[in-house]
Amino acid sequence: MTLDPSSNIPLHKQAQQILRELIESPEYKNGKMLPNEVDLAQQLHISRNTLRQAINQLVFEGLLVRKKGVGTKVARKAITGGVKNWLSFSQEMKMLGIEVKNYELHISFKKASLEIADFFGVEEGTRCVVMERVRGNTSFPFVHFISYFNPKLPINGEENYNLPLYEMLQTTYGIEVKTSKEEVSARLAGEMVAAKLEIQPNDPILIRKRFVYDVNALPVEYNIGYYRADSFTYTLEASR
């Protein structure tokens with residue numbers, strides 16, 4: 001890690017670039033603490049004030065997290081979701097270069113609540129195939145999914161749910177999903193979700209309800225995702 005004092009680029013900008021490269025390295029990208037400011041400034045041969053300028057900018061950008069009395073660490077890369085060009089979870093992770101791990105996978109039959117029954121156009125209490133999954137990267141889980149499937153479809157619970165979901169539905173049954181309508185909200189995790197995501201009950205989570213339709217506008221999936229708030233960002237894009 002060397003800077004060029006003779007360069008026209010200010011030292012704090014050069015330090016920023018070195019820190020950006022450090023953040024992307026395998027050693028640091030999953031949230032490791034940076035060396036303390038004294039040691040880091042000595043390694044870069046700059047003053048602590050110059051180093052702080054660089055760090056402050058990266059904290060502002062959300063790339064670093066500074067905690068008083070603890071130090072500065074790399075922010076965990078958040079999963080970014082949105083309403084434009086929506087993807088399955090597996091596709092989202094593949095685009096981000098994140099290796100997916102299944103921490104739990106359960107298939108069962110459950111009675112549809114009034115809301116779920118209305119979505120599928122069936123009577124309340126109708127049994128649906130339900131898939132529950134806890135997923136994350138190789139270090140920790142960050143989302144708990146519960147998916148109800150339309151009982152009018154031939155889905156029977158014997159499918160291979162280790163495959164990407166929408167790929168499996170298309171190859172097995174010719175069900176081609178097209179449209180996703182979503183609702184996003186926030187709350188505290190609570191005991192059950194906290195245990196699934198390895199966080200504290202009072203930690204915040206984001207909840208994403210996803211209503212999935214096929215190419216003929218037939219409801220296919222009612223999905224609820226409970227996300228660790230430190231690992232998921234939801235984006236909206238609007239044009240005028």
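The values are calculated or read from the model by the stated rules, or taken from the named source; none is laboratory data. Being a predicted model, the structure only gives us computed values, none of them experimental. FYI the Cβ positions are ideal-geometry reconstructions off the backbone, even for glycines, and counts take in every protein chain you see.
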Exercise. Take S7 and decide whether it is hydroxyl-bearing (S, T, Y), more than 23 Å from G69 (Cβ to Cβ) and modelled with pLDDT of 85 or more.
Key: yes
Quiz item: What tally of residues in the range 167-211 results from selecting those that are assigned to a strand (DSSP E or B) and not small (G, A, S)?
Solution: 17
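To keep it simple, each residue is scored yes or no on (1) under 26 Å from the mean Cα position of the chain (by Cα); (2) aliphatic (A, V, I, L, M).
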{"residue": "D4", "(1), (2)": "no, no"}
{"residue": "N8", "(1), (2)": "no, no"}
{"residue": "L19", "(1), (2)": "yes, yes"}
{"residue": "E24", "(1), (2)": "yes, no"}
{"residue": "Q42", "(1), (2)": "no, no"}
{"residue": "R48", "(1), (2)": "no, no"}
{"residue": "R52", "(1), (2)": "no, no"}
{"residue": "R66", "(1), (2)": "yes, no"}
{"residue": "T72", "(1), (2)": "yes, no"}
Exercise. Pull up the range 36-57, narrow it to residues that are farther than 15 Å from P10 by Cβ and not charged (D, E, K, R), then point me to the one that is surrounded by the most Cβ atoms within 10 Å (Cβ to Cβ).
Key: L40
Quiz prompt | Filtered residue count, the range 173-231, keeping only those that are over 13 Å from F119 (Cβ atoms) and of a type in the set (F, W, Y) | solution = 3
Exercise. Assess whether Y166 counts as being closer than 23 Å to K101 by Cβ, in the same structural domain as Y103 (by TED's automatic domain parsing) and either of a type outside the set (D, E) or surrounded by 13 or more Cβ atoms within 10 Å (Cβ to Cβ) (or both).
Key: yes
Exercise. Examine the range 21-44 for a residue that is under 30 Å from T138 (Cα atoms), in a loop (DSSP other than H, G, I, E, B) and of a type in the set (A, V, I, L, M), and state whether such a residue exists.
Key: yes
Quiz prompt | Residue in the range 58-79 that is in contact with a Ser or Thr (Cβ under 7 Å, 6 or more places away or on another chain), assigned to a loop (DSSP other than H, G, I, E, B) and modelled with pLDDT under 85 present | solution = yes
Quiz item: Condition test on V38, is it in contact with a Ser or Thr (Cβ under 8 Å, 6 or more places away or on another chain) and free of Cβ contacts under 8 Å to residues at least 24 places away in the same chain?
Solution: no
Exercise. Filter the range 43-68 for residues that are among the small types (G, A, S) and within 25 Å of P5 (Cβ to Cβ) and give the result.
Key: S47, A54
Quiz item: So how many residues does the range 163-192 have that are under 15 Å from the mean Cα position of the chain (by Cα) and under 15 Å from R135 (Cα atoms)?
Solution: 0
Quiz prompt | Among the candidates S108, S113, residue that is modelled with pLDDT of 65 or more, closer than 20 Å to N160 by Cβ, out of contact with any helix residue (DSSP H, G or I) (no Cβ under 7 Å at 6 or more places or on another chain) and of a type in the set (S, T, N, Q) | solution = S108
